[in-house]
Amino acid sequence: MKIAILGRQPEIGIAELESIFSGENIRVLGQSACLINTPKINISHFGSILKVGEVVFEVKTQDWKTISEKIVKDFVRDFKNANHKITLGISSYNIKTSATEINKTLGIIKQKMKKEGVSIRTINNKKDTNLSTAISHNNKLGLSDNKIELIAVGTSKGIIVAVSEGSQNITSYARRDQNRPKRDAFVGMLPPKLAQTIINLASGKDQPKILSFYGKELQKEYNILDPFCGTGTVLQEAVLKGFKAYGSDLNPKMVDYSKQNIEWLMQEFKPFGEVKDIAIADATSNCWKYANTLSAITCETYLGQPFSAPPSGKKLSEVKETCNKIISNFLKNLAKQIPEGTPLCIAIPTWRTKNGDFSHLPLVDFLEELGYNRKEFLRVKPNSLIYFRENQVVARELLVLIRSKNVKS
């Protein structure tokens, strides 16, 4: 049994896990974590998961003192004969404890291991009861037998303890984002990890790198399209996942930027997949000659004008009308070209209002008329998949769609 620690928007992480493993194999542990019934999991496959680990025990108490005693006893038993220096950290989620109490546990382990003649370095928690992804990653916790992070998660019945098998590789994400030769803040900065999530939500487990990880044979060619490719973030994550990727954009500058960024990626990362074509095209009218071969369509659509503060009602209505028209026309155009059952995940704009709610595009209520069904999830509501940062006005709503049977020509 594996455990996954969820990110800032837990619903997105849950949906991402469900897309790969199915809802029946997931047990949601509040807002912090999920249990997954799978023999193995690779953190690098996911954009919205912070850490993963192997469950080692579960106890029916939420008393930290009791848990601490068991952690100390088990750790000393398992590592007292270690012949190498150990680095140890402990993270707790959804448990009534404090950084001070966790550090006491680490101190007791350190004293007992010293008596056994084992050298150990402990990573103390400062204010939070869990180690940040940056601390876990920079200390290589979970990546070898002597770099250990214990993850404790509270449930309705007790506490689950797991041994980390790795955290988000923030160094690689930063490199794929900031080291690219071409970036453009004006068209938006889609984070690589969100692009990765978008691909997972659309494709599920039907993607080359994940199938290969689980020992499955690749039965077909896996083609993916980003019709709003911008600077190529989705394309780069797609080829890293093993897809044959196609991209298009109305702006010739963005097509040029995508080509340069992909060329850089191919040299720097030697990915499993490849980009087949990047072309100048209007997504609302273009005919993609390869449309009937696509495994999935994934993109960040037109997000409209950026705002630093909630706009007036009149201004918001104008921007919504423009975005709604462009994206609706794109979806109608695409529906005529792709086969029934083809999956999509598209990021569309939604705006935070002054009272903290979100103002959605009208098209979300008319998806069937556009030729699509919204994918249902077992563990989350489809309309809860909104990616945003604190104080951000324009957020991204993730629509996970399936091309429906009946499409108007």
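The values are calculated or read from the model by the stated rules, or taken from the named source; none is laboratory data. For clarity, every value in this text was computed on a predicted model and none was experimentally measured. Positions of Cβ are backbone-derived with ideal geometry, glycine not excepted, and every protein chain shown enters the neighbour counts. With ligands, DNA and RNA removed, areas are computed over all heavy atoms of the protein, side chains included. Shrake-Rupley method; radii C 1.70, N 1.55, O 1.52, S 1.80 Å.
Bridgeable lysines around LYS85 (alpha carbons under 16 Å apart, same-chain partners fewer than 8 residues away excluded): LYS110, LYS112, LYS114, LYS115, LYS140, LYS147.
The alpha-carbon of LYS405 sits under 16 angstrom from the alpha-carbons of these aspartates and glutamates, leaving out residues fewer than 8 places away in its chain: GLU340, GLU368, GLU369.
Here the extension length gained between GLU318 and VAL393 equals 25.4 nm, from 0.36 nm per residue of separation less the Cα-Cα distance. With the dipole of the chain worked out from charges on the C-beta (+1 for Lys and Arg, -1 for Asp and Glu) around the Cα centre, which of ASN94, ALA296, VAL118 lies farthest toward the positive end? Towards the positive end, the residue furthest out is VAL118. For the chain, the dipole from Cβ point charges (+1 on Lys and Arg, -1 on Asp and Glu) about the Cα centre works out to 1160 debye, to the nearest 20.
Using unit Cβ charges (K, R positive; D, E negative) and no other charged atoms, how large, in debye to the nearest 20, is the dipole of segment 1-146 about its Cα centre? Walk me through the numbers on the way to the answer.
Values: 22 positive and 14 negative charges, 168 e Å.
Magnitude of the dipole: close to 800 debye.
Treat every Asp and Glu Cβ in segment 225-322 as -1 and every Lys and Arg Cβ as +1, leave all other atoms uncharged, and give the resulting dipole magnitude about the Cα centre to the nearest 20 debye.
Numbers: 10 positive and 12 negative charges, 26 e Å.
Dipole of segment 225-322, to the nearest 20 debye: 120 debye.
In terms of packing, defined here as the mean over residues of other Cβ atoms within 10 angstrom, the peptides 142-152, 73-83 line up highest first as 142-152, 73-83.
Only beta bridges with both residues in the chain are counted; by DSSP, about 60 percent of them are antiparallel. Overall size of segment 289-409 from C-alpha positions, given as principal axis extents largest first: 42, 32, 22 Å.
Quick one: pull the percent of accessible area on the chain belonging to carbon and sulfur, 1.4 Å probe, ligands and nucleic acids left out. Carbon and sulfur atoms account for 48 percent of the accessible area of the chain. Straight distance only, please: which aspartates and glutamates reach the Cα of LYS127 with their own Cα at less than 14 Å, same-chain residues fewer than 8 apart left out? The qualifying aspartates and glutamates are GLU101.
So which of LYS51/LYS375; LYS193/LYS375; LYS65/LYS209 end up more than 32 Å apart, counting from Cα to Cα? Working shown, then result.
On the way: LYS51/LYS375 26 Å; LYS193/LYS375 21 Å; LYS65/LYS209 42 Å.
Result: LYS65/LYS209 exceed 32 Å.
Each principal axis of segment 223-320 carries a Cα extent, and these read 47, 31, 22 Å when sorted largest first. Net charge in the neighbourhood of LYS112 (other residues with Cβ under 14 Å of its Cβ; Lys, Arg +1, Asp, Glu -1) is +4.
Scattering from segment 162-247 was approximated by placing one identical point on each alpha carbon and applying the Debye formula without solvent; log10 I(q)/I(0) at 0.20 1/Å stands at -1.00.
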